[in-house]
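Quick notes on the structure that follows.
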Amino acid sequence: DELVRVFDEAQFQQSAINAITAPATLKPWPEYRASFINDTRVANGLKFWRQNAAALRRAQKRYGVPQEIIVALLGVETFYGRQTGGYRTIDALSTLAFDYPPRADFFRSELEQFLVLASEQRFNLLKVKSSYAGALGLPQFMPSSYRKYAVDFNGNGKVDIIGERADAIGSAANYLRKFGWVPGQPIAVRGKLVQDTEAADVSTPRPAAAW
């Protein structure tokens, strides 16, 4: 009965389909970079760092992810919680699950995960908001990632990456660690092609040793 009521209220969102068809991340890096590497982002990042210093230190100690990486991730994803998305999650995921064939299987699975998540966290299904793709909270976790990787980092008995900064910080660090972050290893190394650039296929991923 509850699901019937919720889906009766869900609304089709053409703008979600439009957005996922032409994502902003397809911009060339020089254009994309300006949105994130600028004085405003840096100033707000430092402010966020100061306000959440204890949680960031704890996350670095527990998961081995440097504080600056966690701060940068949350800045890129949602501008430290300012831009978490204006779509009702049930609308976004329902639209993409049933009216976007190219990725219908993925979004139906995420819709299912969201319904289970809402039950676990006692969310109001008609009030929770997200990005056009259904990504939630400060770190923009899809519902499946929320259920797998989000943590109760402030110890209050609930896992809330939407409204609690400490949980968002701990969850972002936990996510990176679970996906292979190794403390102390470089994020990137400078490479130099020793053969003619025209002949080198730089589009194919290879292990570092192969490069």
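The values are calculated or read from the model by the stated rules, or taken from the named source; none is laboratory data. Since we're looking at a predicted model, the values are computed, not measured. Please note: Cβ atoms are built from the backbone with ideal geometry, for glycine as well, and neighbour counts cover all protein chains shown. Surface accessibility is based on the protein's heavy atoms, side chains included, excluding ligands, DNA and RNA. Shrake-Rupley method; radii C 1.70, N 1.55, O 1.52, S 1.80 Å.
Does the stretch 114-146 hold any residues that are in contact (Cβ under 8 Å) with a residue 60 or more places away in the chain and among the polar types (S, T, N, Q), and which are they?
To start, the set of residues in the stretch 114-146 that are in contact (Cβ under 8 Å) with a residue 60 or more places away in the chain comprises 115, 125-126, 132-133, 138-140.
Q140, the sole residue that qualifies.
Is it the case that S131 is among the polar types (S, T, N, Q) and modelled with pLDDT under 95?
No: the conditions fail for S131.
For the stretch 114-145, enumerate the residues that are of a type in the set (V, I, T) and open to solvent by less than 50 Å² (accessible area, probe 1.4 Å).
Hit for the stretch 114-145 is V128, nothing else.
Out of all the residues in the stretch 83-113, which are open to solvent by 30 Å² or more (accessible area, probe 1.4 Å) and touching a residue at least 12 places away in the same chain (Cβ under 8 Å)?
Of everything in the stretch 83-113, those that are open to solvent by 30 Å² or more (accessible area, probe 1.4 Å) and touching a residue at least 12 places away in the same chain (Cβ under 8 Å) turn out to be T84, G85, G86, Y87, R88, D99, Y100, R103, S109, Q113.
Can you tell which of R177, R190 is at pLDDT 95 or above and open to solvent by 90 Å² or more (accessible area, probe 1.4 Å)?
None of the other options fit; the residue is R177.
For the stretch 146-174: of the residues being open to solvent by 70 Å² or more (accessible area, probe 1.4 Å) and under 16 Å from the mean Cα position of the chain (by Cα), which is nearest to A55 (Cα to Cα)?
R165
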